[in-house]
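The values are calculated or read from the model by the stated rules, or taken from the named source; none is laboratory data. Since the structure is predicted, the reported quantities are computational estimates derived from the model, not experimental observations. Note that each Cβ is placed from the backbone with ideal geometry, even for glycine, and that neighbours are counted across all protein chains shown. Accessible surface areas use protein heavy atoms only, side chains included; no ligands, DNA or RNA. Shrake-Rupley method; radii C 1.70, N 1.55, O 1.52, S 1.80 Å.
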Amino acid sequence: LSAAQVDAIVERSGGNPRFAQRLARLPTGAELPPSLEAVVAARIDRMAGPTRAALREVATIGNEFSLRDAAEITGSDAATLANRLGPARELLAPTERGWRFRDDQARLVAAAGLDRQRRRTLHSRIARRLAAGARPNAASVADHWFRAGNDRETLRWSEQAGAAAIDAGATAQATVLF
């Protein structure tokens with residue numbers, strides 16, 4: 001990179017090292033995007049349709065997910081989902097448990113690109129799955145119900161999360177949850 005290109009990257013990235021790294025990887029002469037979100041969105045948009053769709057769907061689950069859980073939530077089989085996510089390794093990293101997004105910004109951008117109705121459907125599935133667990137985290141369940149657009153369940157689980165926060169002496173957190 002030339003000194004002028006480095007100066008432009010430093011200025012545009014505003015000191016954000018991840019943004020600067022992504023800008024530095026752009027082809028020589030490419031116009032610098034206005035934000036990190038734009039860089040990540042452009043990368044996702046360049047992925048093949050099945051990879052892009054799978055990445056956006058698993059992004060609703062959270063930063064880390066197991067392939068088995070993700071397949072059940074998205075209605076895919078694990079082998080197909082693994083094949084679709086394979087080309088997204090720039091944004092995903094394998095873990096002992098499954099996969100994780102390399103940074104939360106990538107996950108948020110991926111999830112935002114998903115059709116609203118599909119995103120709500122997936123959040124409903126996630127909320128049901130979490131609620132059925134042996135020891136559900138009420139705040140997480142409430143958050144997924146909120147994102148699914150289910151006010152009744154959001155309220156029910158938020159009240160449980162608030163009560164749990166009070167029991168734990170976390171009154172500041174309880175005021176947010178109630």
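Tabulated data for the structure shown
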item	result
[x] 19.5; [y] 18.1; [z] 20.7, with the label sought being that of the calculated Kirkwood radius over Cα pairs in Å	[y]
The stretch 76-178 - accessible surface per residue (Å², probe 1.4 Å)	59 Å²
Rounded, prolate or oblate (a/c below 1.5 giving rounded, otherwise prolate when a/b exceeds b/c) for the stretch 46-147 by Cα gyration tensor	prolate
By average C-beta atoms within 10 angstrom, highest first, the peptides 3-9, 52-58	52-58, 3-9
Percent carbon-and-sulfur accessible area, the stretch 28-178, ignoring ligands, DNA and RNA, probe 1.4 Å	49 percent
Simple spin-label estimate for GLU90 and SER66 in nanometres, 7 Å along Cα-Cβ	3.1 nm
Average accessible surface area per residue within the stretch 1-66, 1.4 Å rolling probe, Å²	54 Å²
Over the stretch 1-92, volume per residue of the alpha carbon convex hull, in Å³	98 Å³
Potential lengthening between ALA3 and THR80 on full extension [0.36 nm per residue; Cα-Cα distance subtracted]	23.2 nm
Folded to 0 to 90 degrees: helix 138-148 orientation relative to the chain principal axis, Cα	60 degrees
Prolate/oblate/rounded call for the stretch 35-79, Cα gyration tensor, a/c under 1.5 rounded	oblate
Cβ-derived FRET efficiency at R0 22 Å, ARG46 paired with ARG18, nearest 0.05	0.75
The chain - mean residue ellipticity at 222 nm from DSSP helices (-39,500 (n - 2.57) per run, n ≥ 4, rounded to 500)	-19500 deg cm²/dmol
Sites ALA134 and GLU37, calculated FRET efficiency, Cβ-Cβ separation with R0 41 Å, nearest 0.05	0.65
Prolate/oblate/rounded label for the stretch 62-102 (Cα gyration tensor, a/c 1.5)	oblate
Quotient of C-alpha Rg and 2.2 N^0.38 Å, computed over the stretch 101-160	1.16
Packing-based order for 65-73, 25-33, using average beta carbon neighbours within 10 Å, highest first	65-73, 25-33
C-alpha long axis of helix 151-167 to longest principal axis of the chain, angle in °	80 degrees
Mean Cα-pair separation over length for the stretch 102-178, i.e. relative contact order, pairs under 8 Å, 6 or more apart, %	21 percent
